[in-house]
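These notes concern the structure reproduced below.
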Amino acid sequence: MATLIRESRTTGAQPRYQVWHAFNIPNNMDFYAVESPEEARTLISELVRADLASPFISSNAFGLEELEEDGYHEWYDEEGRSITDEPDED
């Protein structure tokens, strides 16, 4: 049984941010539009839980891309961390 994580609807405009989700690498990849890096973290957590619960997923990877003038590029914060890097403890 599949778990619906997010329903996708398009307005025709490219989203500023998109989460990429590769699974059963290298065969499958999905993209999800998100509004912010914070929303991306939440979505990635949901996708991780769903993948762990599925006996059909053998591998996965995640990332966040940001739309720039010349297309999508991997997103990094001001300290150079990607969306999947653990934040520093204060």
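Quick check on segment 17-74: take the gyration tensor over C-alpha atoms, sort the square-rooted eigenvalues as a ≥ b ≥ c, and tell me if it's rounded (a/c under 1.5), prolate or oblate. Taking the square roots of the gyration eigenvalues as a ≥ b ≥ c, segment 17-74 is oblate.
Which one of A33, S54, H21 is farthest out on the positive end of the charge dipole of segment 17-74, using unit charges on Cβ (Lys, Arg +1; Asp, Glu -1) and the Cα centre as origin? The residue sitting farthest along the positive end of the dipole is S54.
Bear in mind these aren't lab numbers, they're just calculated from the coordinates by the rules spelled out. Fair warning: this is a prediction, and the values are worked out from it, not measured in the lab. Because the Cβ atoms are built from the backbone with ideal geometry, glycine has one as well, and the counts that use them run over all protein chains shown.
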